[in-house]
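Each value in this text was obtained by applying a stated rule to the coordinates, not by laboratory testing. Note that the structure is a prediction, hence the values are computed from the model and not measured. Note: ideal-geometry Cβ built from the backbone for every residue, glycine included; neighbour counts use all protein chains shown.
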Amino acid sequence: MNILITGATSGIGKELALQLTSKGHKVGLMGRRTERLQELKDEIGDIAFIRTLDVTNHEKAEEVYNSLIDEMGGMDVMILNAGIGRIQMLPPWEAESKLIEVNALAFAHGCHFAMDYFRNRESGHIVGMSSMAALLAHHRAAAYTASKHFISNYMKGYRQKAKRMNADITITEIRPGYVWTEMTERAKGMFWVAPVEKAVSQMVTGIEKRKNYVYVTKRWQLLAWVAKLVPEWVWDRL
Ligand SMILES: NC(=O)c1ccc[n+]([C@@H]2O[C@H](COP(=O)([O-])OP(=O)(O)OC[C@H]3O[C@@H](n4cnc5c(N)ncnc54)[C@H](OP(=O)(O)O)[C@@H]3O)[C@@H](O)[C@H]2O)c1
């Protein structure tokens, strides 16, 4: 299969590239850090195609998606993985608006692009990197949890859209708990943290099975059930 991956320069995206190519899939890899992309291509070889891209530049993103698709000879799966957590270096509002721009707006743009492409082709698979955070709200990460809630709800709507089309399009929402990556390396108070190799291996299985939802690691599904039962006044005290 031909698989495009945004945010492939580190963490989950990079590991997805490594594990998917080890199974023989071709990958189109994107991210802002060109040298990381080149290193990854050198490691993987001919079945990796790379483009430098900031997903918040929508015009450029469309150009890059199309040129990767042309070079690879089509796209079967689009994995929208690029995302950011808290940005410590920026003033609070700039940090929040940047996070929303990357995690929500650029995600929606990628999803929209992929849906158009797969509708014309009458089949395809969109995979979105959501989070367990989609099920929660937190005073220390209001923008992040809201951005993942947006992704989750947006994909739900797109799944309904896909069902109404004359096309075989799967929408997979991946809900990871904590995974060791650059995003979490300085985070405190984490638990059940999964090594990226283990987390991604479960993601790949879920993608191959074309599931609607993939909890990573699996035990986080338990917490998803509990989260739905906990009343708001309890969350407010956490
Ligand atoms: N780690 C966790 O515990 C966890 C849990 C739940 C969900 N997630 C989600 O998993 C996804 C990957 O995160 P990660 O943990 O692997 O963190 P990471 O190692 O920091 O990777 C983030 C990736 O997103 C890319 N990215 C960020 N901003 C971008 C932009 N404007 N344009 C293009 N690419 C951009 C980065 O590439 P460049 O910097 O090169 O652009 C990088 O490749 C995110 O959506 C995150 O929210 C992570």
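Miscellaneous remarks
- Net charge, Ala187 excluded, C-beta distance under 13 Å - Lys, Arg +1, Asp, Glu -1: +2
- Judged by the gyration tensor of its Cα atoms, with axes a ≥ b ≥ c, segment 175-238 is oblate; a/c meets the 1.5 cut and b/c is at least as large as a/b.
- Coupling constants for segment 174-185 follow from the phi torsions by the Karplus curve (6.51 cos²θ - 1.76 cosθ + 1.60, θ = phi - 60°), and in residue order they are 9, 10, x, x, 7, 10, 6, 8, 4, 5, 9, 5 Hz; glycine and proline get x.
- Amide hydrogen proximity for Ile50: with H placed 1.01 Å from N in the peptide plane, the residues at 5 or more positions away or on another chain lying under 5 Å are Leu29.
- Charge-dipole axis of the chain as Lys and Arg at +1 and Asp and Glu at -1 on Cβ define it, positive-most pick from Pro92, His109, Gln160: Gln160
- Label separation (Thr56 vs Ala95): 1.5 nm, computed from points 7 Å beyond Cα along the C-beta direction.
- Less than 5 angstrom separates the built amide H of Thr170 from those of Gly124, His125, Ile126, all sequence-distant by 5 or more or on a different chain.
- Per residue, the average separation of C-alpha pairs within less than 8 Å and at least 6 apart gives the chain a relative contact order of 17 percent.
- Cα centroids of segment 203-220 and segment 68-84: 19 Å apart.
- The separation of segment 89-149 from segment 156-180, counted between C-alpha centres, amounts to 13 Å.
- Mean residue ellipticity (222 nm) of the chain, computed from DSSP H runs ≥ 4 via -39,500 (n - 2.57), nearest 500: -15000 deg cm²/dmol
- Under Stokes-Einstein, with the Kirkwood radius over Cα pairs as Rh, the value for the chain at 4 °C and 1.567 mPa s is 72 µm²/s.
- Total lysine pairs whose alpha carbons fall under 26 Å of each other in segment 1-112 (8 or more apart, or interchain): 10
- Listed by chain and number, the aspartates and glutamates whose alpha-carbon sits under 15 Å from that of Lys218, ignoring those within fewer than 8 places in the same chain, are Glu173, Glu197.
- For Lys198, the aspartates and glutamates whose Cα comes closer than 13 Å to its Cα, not counting residues fewer than 8 places off in the same chain, are Glu15.
- Straight-line cross-link partners of Lys163 among the lysines, defined as a Cα under 25 Å from its Cα and at least 8 positions apart when in the same chain: Lys148, Lys209, Lys211.
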